[in-house]
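Since the structure comes first, as structure tokens, the remarks are kept for the end.
The values are calculated or read from the model by the stated rules, or taken from the named source; none is laboratory data. What you see is a predicted model; the values in this text were computed from it and never measured. Here the Cβ positions follow ideal geometry from the backbone for every residue, glycine too, while neighbour counts run over all protein chains shown.
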């Protein structure tokens, strides 16, 4: 291990290099910010706003659309597979990787971190980690809607391992996250079933469908 040179980052593996975000990605920009609503159409490619992004993924059920022609005419905000999009306003810092499905789509207001000589999913994990979020918190501003400037975000620090190790880290975290999500889903299903049974029991009791004559409440143990 070695000292990272960044006080709050502490020590990092000897062969890792600490870099600013602007030195990890070949280009960092921002989505369409001037009157994005004028580009909204009924059909076309996806037009992503901050509310469509969640950690490591997208909620596309209500996502707006933009014509493919308009998207092609706006290359600065047009998205390619492997790019990262980071929410800038509202819930700043939430980051996801553009999949093949969204290649050619466009975005409004978000920070766009272009694909480069790094593993995109590894960098998304970095951005969504406590390390990434704390740096966002340090530069964000606003009361009703928090946001941050791209000029501040490109200066964020991250400890960068070799590319092969980045891929190993992202694959390991994907596997762990998948298992945790499965456990959470199972727990939520059990809670929903118990709530349903509780509601049914109460309904049956208050409508006389359960004969409670002679029922006695259990004795409560008195704590010593």
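Here are some notes:
- Residue 173 vs. criteria farther than 27 Å from residue 16 by Cα and at pLDDT 95 or above: no
- Filter pass, residue 30 being buried (at least 18 other Cβ atoms within 10 Å of the Cβ), touching a strand residue (DSSP E or B) at 6+ places or on another chain (Cβ under 8 Å) and within 30 Å of residue 178 (Cβ to Cβ): no
- In the stretch 189-201, the condition of being at pLDDT below 95 and in contact with a helix residue (DSSP H, G or I) (Cβ under 6 Å, 6 or more places away or on another chain) is met by no residue.
- Of the residues screened, residue 144 is one that is exposed (fewer than 10 other Cβ atoms within 10 Å of the Cβ), without any contact (Cβ under 8 Å) to a residue 60 or more places away in the chain and under 30 Å from residue 49 (Cα atoms).
- Residues that are assigned to a helix (DSSP H, G or I) and over 18 Å from residue 54 (Cβ atoms) within the stretch 128-141 comprise 131, 134, 135, 137, 138, 139, listed in sequence order.
- The stretch 63-93, residues that are touching a strand residue (DSSP E or B) at 6+ places or on another chain (Cβ under 8 Å), within 20 Å of residue 22 (Cβ to Cβ) and not in a strand (DSSP E or B): 76, 77, 79, 82, 83, 87, 88, 92, 93
- The residues listed here are 125, 118, 174; of these, the one that is part of a loop (DSSP other than H, G, I, E, B) and either under 23 Å from residue 87 (Cβ atoms) or in contact with a strand residue (DSSP E or B) (Cβ under 6 Å, 6 or more places away or on another chain) (or both) is 118.
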